[in-house]
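*Asks:* Please see the structure below; I have some questions.
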Amino acid sequence: MQKPNLTKALLAGVAGTVAMTMLTYVAPMMGMPEMDIPKMLSGFMGVPIVAGWLAHFMIGTGFALVYAYILVSRIPGSPPVRGAIFGLIPWLLAQVMVNPIMGAGVFAMN
């Protein structure tokens, strides 16, 4: 397997974060609850919203770097399968760690 490209990994992280953020703003139109991640992060950290946006993109690019440099060669399957399997990791972390911290409960049961 070839060495990961830092620029491509960072761009993938930014692109993935943008795509996920767009989905969270469209979610209420599909009957899902509001999921303003930068707003939640800034409120949790007690900082201005711009810091919530920065944290949101840092987390997204951080996940992309972890995937590119550590996990891509360790997850079995074709690239789409590896990406889907990896996508379960941040989702599960959000459900069992982030949601309870934000007051939503495990799997947003509150």
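The values are calculated or read from the model by the stated rules, or taken from the named source; none is laboratory data. Owing to the predicted nature of the structure, the values given are computational and were not obtained by experimental measurement. Using ideal geometry, Cβ is built from the backbone for each residue, glycine included, and neighbour counts are taken over all protein chains shown. Accessible surface is based on the protein model in full, side chains and every heavy atom, while ligands, DNA and RNA are left aside. Shrake-Rupley method; radii C 1.70, N 1.55, O 1.52, S 1.80 Å.
*Asks:* Tell me the carbon and sulfur percent of the accessible area for the chain, rounded to whole percent, probe radius 1.4 Å.
*Replies:* 75 percent
*Asks:* Which value results for Rg/Rh of segment 1-40 when Rg is the Cα radius of gyration and Rh the Kirkwood radius based on the inverse mean 1/r?
*Replies:* 1.21
*Asks:* Would you mind calculating the gained length between Val106 and Leu11 on full extension (0.36 nm times residue separation, minus the Cα-Cα distance), in nm to one decimal? All intermediate terms of the calculation are to be shown ahead of the outcome.
*Replies:* Values: separation 95, 0.36 × 95 = 34.20 nm, distance 3.11 nm.
The Val106-Leu11 span can extend by a further 31.1 nm.
*Asks:* Run the numbers on the chain and let me know its relative contact order in percent, using alpha-carbon pairs under 8 Å that are six or more apart. If you can, show how the numbers build up before the last one.
*Replies:* Details: 91 pairs, mean separation 24.8, N = 110.
23 percent.
*Asks:* Considering only DSSP states other than H, G, I, E and B, which trypsin sites (Lys or Arg not before Pro) in segment 27-110 qualify as loop sites with at most 14 other Cβ atoms within 10 Å?
*Replies:* The qualifying sites are Arg74.
*Asks:* Something else about it: Just the number please: accessible area per residue for segment 7-74, 1.4 Å probe, all protein chains included, in Å².
*Replies:* 64 Å²
*Asks:* Rounded to the nearest 500, what is the chain's calculated 222 nm mean residue ellipticity when only DSSP H runs of at least 4 contribute -39500 (n - 2.57) each, over all residues?
*Replies:* Per the formula, -19000 deg cm²/dmol.
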